[in-house]
1. Residues in segment 73-82: is at least one in a helix (DSSP H, G or I) and closer than 21 Å to residue 18 by Cβ?
2. How about segment 1-30: which of its residues are assigned to a loop (DSSP other than H, G, I, E, B) and in contact with a strand residue (DSSP E or B) (Cβ under 7 Å, 6 or more places away or on another chain)?
3. If you scan segment 90-111, which residues turn out to be in a loop (DSSP other than H, G, I, E, B) and either at pLDDT 80 or above or surrounded by fewer than 16 Cβ atoms within 10 Å (Cβ to Cβ) (or both)?
4. What is the residue count in segment 115-154 for residues that are in a helix (DSSP H, G or I), out of contact with any strand residue (DSSP E or B) (no Cβ under 7 Å at 6 or more places or on another chain) and either without any contact (Cβ under 8 Å) to a residue 24 or more places away in the chain or within 14 Å of residue 39 (Cβ to Cβ) (or both)?
5. Tally time: how many residues in segment 31-64 are modelled with pLDDT of 95 or more, in contact with a helix residue (DSSP H, G or I) (Cβ under 9 Å, 6 or more places away or on another chain) and part of a loop (DSSP other than H, G, I, E, B)?
6. Quick one: count up the residues across segment 61-87 that are farther than 19 Å from residue 150 by Cα and either in contact (Cβ under 8 Å) with a residue 24 or more places away in the chain or in contact with a strand residue (DSSP E or B) (Cβ under 9 Å, 6 or more places away or on another chain) (or both).
7. Restricting to segment 112-136, name every residue that is exposed (fewer than 12 other Cβ atoms within 10 Å of the Cβ) and in contact with a helix residue (DSSP H, G or I) (Cβ under 8 Å, 6 or more places away or on another chain).
8. State whether one or more residues within segment 71-79 are crowded, with 19+ Cβ neighbours inside 10 Å, under 25 Å from residue 116 (Cβ atoms) and modelled with pLDDT of 95 or more.
């Protein structure tokens, strides 16, 4: 299999911000990675013909159990990452070389008790077994290495929304 011949999976990512400008992160409960501390922001695939903003709202509900958020910004373009070679053919149903992602910053409008990661919207399997709020620098330090450049670029693009780095 020639990795370069595989497409990127269209995907959205969400930077969900608290009133204190902290970022929502979840620890993945299912992973093929060896790292047990696999934290990330909500993200997921875009359905055929689905508008990315609609996909972002849907994915937020499916992964966090709440839709109490409003979109306040989106990245100017798409961000790409490649899977490590040992994950190509295994991750992402084995059909993709990585993901191309449109990212959205959202302001959380609810209370922490509105999150339900154990029974998310639409009857989807839980993605996360734990969640918390974190500063931007901490988020960068917790993301798996192959996604880190995308996270750095996205958080830099949204830096005006994040306030001072903690």
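The values are calculated or read from the model by the stated rules, or taken from the named source; none is laboratory data. Source: prediction; values computed, not measured. For neighbour counting, all protein chains shown are included, and Cβ atoms are generated from backbone atoms with ideal geometry for every residue, glycine included.
1. As a first pass, look at segment 73-82 and keep what is in a helix (DSSP H, G or I): none.
No, segment 73-82 has no match at all.
2. Result: 18, 22, 29.
3. Let us first name the residues in segment 90-111 that are in a loop (DSSP other than H, G, I, E, B), namely 90-91, 95-97, 109-111.
Within segment 90-111, 90, 95, 96, 97, 109, 110, 111 meet the criteria.
4. Within segment 115-154, residues that are in a helix (DSSP H, G or I), out of contact with any strand residue (DSSP E or B) (no Cβ under 7 Å at 6 or more places or on another chain) and either without any contact (Cβ under 8 Å) to a residue 24 or more places away in the chain or within 14 Å of residue 39 (Cβ to Cβ) (or both) number 9.
5. Number satisfying all stated conditions: 4.
6. Here is the first cut: in segment 61-87, the ones farther than 19 Å from residue 150 by Cα are 61-72, 86.
Still in the running and either in contact (Cβ under 8 Å) with a residue 24 or more places away in the chain or in contact with a strand residue (DSSP E or B) (Cβ under 9 Å, 6 or more places away or on another chain) (or both): 61-72.
Qualifying residue count, segment 61-87: 12.
7. Residue satisfying the conditions is 122 alone.
8. no
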